[in-house]
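Data first, discussion second: the structure below is written as structure tokens.
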Amino acid sequence: MKIEAEELEDREVQLTVEVPSERLQSAMRTTARRLSHETKIPGFRPGKAPYNIVVQKFGEEVLFQETLDDLGQEIYRQALDQSELEPYGPGSLNEIVSRDPLVLRYTVPLLPEVDLGKYRELRLPYEEPEVSDETLEEAMERLRQSRALIEPVDRPVQLSDVVVIDIQGELREPPEGENAVILDNKGIEILVTEDTDWPVPGIVEHLLGLEIGSEHKFEYTFPEDYPSEDLRNLIADFHIKCLEVKSRFVPEWTDDLARNIGEYDDLLDLRLKLRENLQERTQQEAEAEYAQQVIEASVEGATIQFPPLMLQEETNELIAELEQSLQGQNLSLEDYLNIEKKSEEELRTELEPRARKRLSRALVLGKLVELEEIEVSEEEVTSEIDRIVAPFKEHSEELRKSFDNPLGRRRLTLDLLTNKTIKRMVAIARGEADKPPEPTETTEEEPTPEEDHLEKE
């Protein structure tokens, strides 16, 4: 066979292969014998019909296409061997250049190439976060508000009350083909404050003074800068019915209140522990944000090439994840596309930049694993499983089965490898990694602290 290889952009190679005529003729005769075995031809026993009779019955074009299905794959495999190419995935027969002689043209996707450049010279500033007094006071106030005593009252609505209402809203002149109803909520609770603007901006003035069983109507014109573009400059009519009015008493801070909230000695003890908890949370958030900046900088500083097939597969993965998410809402992908008024091709185009970004990130992390010789031992995986199941106590062994199997361990290995690689990148960016780690180096994965109830509303 004569083979010509031409490098294309985006890690692809075009192979042009000339097949000897005798090989094509031999393959077509083999196909003819197979077809005569599979199909009854009058006057001949199965497999005994002459070649020209088979051609007359099926046509030369059909015989050629049947032959090409098998011969094309065989030619492709041999061309790869002779060219010594390492394909990323299956290639494709793009063109039949000629039939006499038979010349086939294939496109071969190659393995990606990643050059991280001088990645060990990357430095990004990092500032240790601090919890301000203002942040602490806001958290204390949220905690105090959460201890409010709420009781039904038989009087008109006042500021700081909780009111239960039914509310409906309709557009006076809805866009063509759109539903006029934009709001229809039953029995929703609203905390009446000067800043309340849900479910309609400015609703507070229409709630104040309402009594149980009373109804109120008002109109609202959505401003030009309203977040939902579809509603801008439109007028809507709203109807409110007051179902309940509840007073809300917020206690003042005392040592007794602090002790009632949790295991605290007094108000000072609560403040100190809340600050510690906020500091830990702020530290985690700052480190996560910094790690993301480091990853993005590493990707920007890298030269990454991959075949279109990889991007297609990554986009397929995003669509599969979307489908899984939609199933939780009892929707199919087709339902989603109808709602969004998109075709699947438009969805793919929309997801492609995200797929490209995610793929580039994965390739950079993979290259760092190779260059920094990062490894995860079986002992580390076992330790991680122990850490995950420990809080579940009596159910821990049952849960362990879902992780301690080949697939589960492989997933945990990938997770630990990713975490270790990101930690290594962060250490480099902070100037704390002068030398690559030894292949045997392991890093104990710290458990993520559970959020303290003090941080919750």
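Throughout, read-outs are computed from the coordinates displayed, never taken from laboratory work. A quick note: this is a predicted structure, and the numbers were derived from the prediction, not measured. With ideal geometry, Cβ positions are generated from the backbone for all residues, glycine too; neighbour counts draw on all protein chains shown.
Structural remarks
- Rg over Rh [alpha-carbon atoms, Kirkwood Rh] for the stretch 2-111: 1.09
- Only Cα sites of the stretch 231-281 enter the Debye sum here, all with the same form factor; the resulting log10 I(q)/I(0) across q = 0.15, 0.21, 0.23 1/Å is -0.62, -0.83, -0.93, listed in q order.
- Alpha carbon convex hull of the stretch 264-455, volume per residue in cubic angstrom: 205
- Test item: Cα-centred dipole of the chain, Lys/Arg +1 and Asp/Glu -1 on Cβ, debye: 2860
- Isotropic mean projected area of the C-alpha convex hull, the stretch 121-279 (nm²): 15.7
- Cβ-to-Cβ counts within 10 Å put 376, 204 in ascending order as 204, 376, the fewest first.
- Legend: distances between Cα atoms for 217/246; 273/393; 217/241; 186/217; pairs beyond 18 Å are 217/246; 273/393.
- Cα lying deepest toward the dipole's positive end in the chain, options 286, 428, 318, charges on Cβ: 318
- For a straight C-alpha distance cut-off of 19 angstrom, the aspartates and glutamates reachable from residue 118 (same-chain residues fewer than eight places away being disregarded) are 296, 300, 370, 372, 373, 432, 434.
- Among 253, 198, a tally of other beta-carbon atoms within 10 Å of each Cβ gives an order, fewest to most, of 198, 253.
- Annotation: the stretch 263-363 has a Kirkwood hydrodynamic radius of 17.4 angstrom, from the mean reciprocal C-alpha pair distance.
- In the stretch 2-111, taking the dipole from charged Cβ atoms about the Cα centre, the farthest positive-side position among 13, 111, 68 is held by 68.
- Using only side-chain charges placed at the Cβ, +1 for Lys and Arg and -1 for Asp and Glu, the dipole size of the stretch 264-455 relative to its Cα centre rounds to 560 debye.
- R0 of 45 Å, Cβ-Cβ distance residue 172-residue 92: FRET efficiency to nearest 0.05: 0.20
- If the chain linking residue 241 and residue 105 were pulled fully straight, counting 0.36 nm for each residue of separation and taking away their Cα-Cα distance, it would gain 41.7 nm.
- Size of the stretch 351-435 as Cα extents on the principal axes (Å, biggest first): 43, 38, 20
- Among 195, 256, a tally of other beta-carbon atoms within 10 Å of each Cβ gives an order, fewest to most, of 195, 256.
- Kirkwood radius for the chain, taken over all pairs of different Cα atoms as the inverse mean of 1/r, rounds to 30.3 Å.
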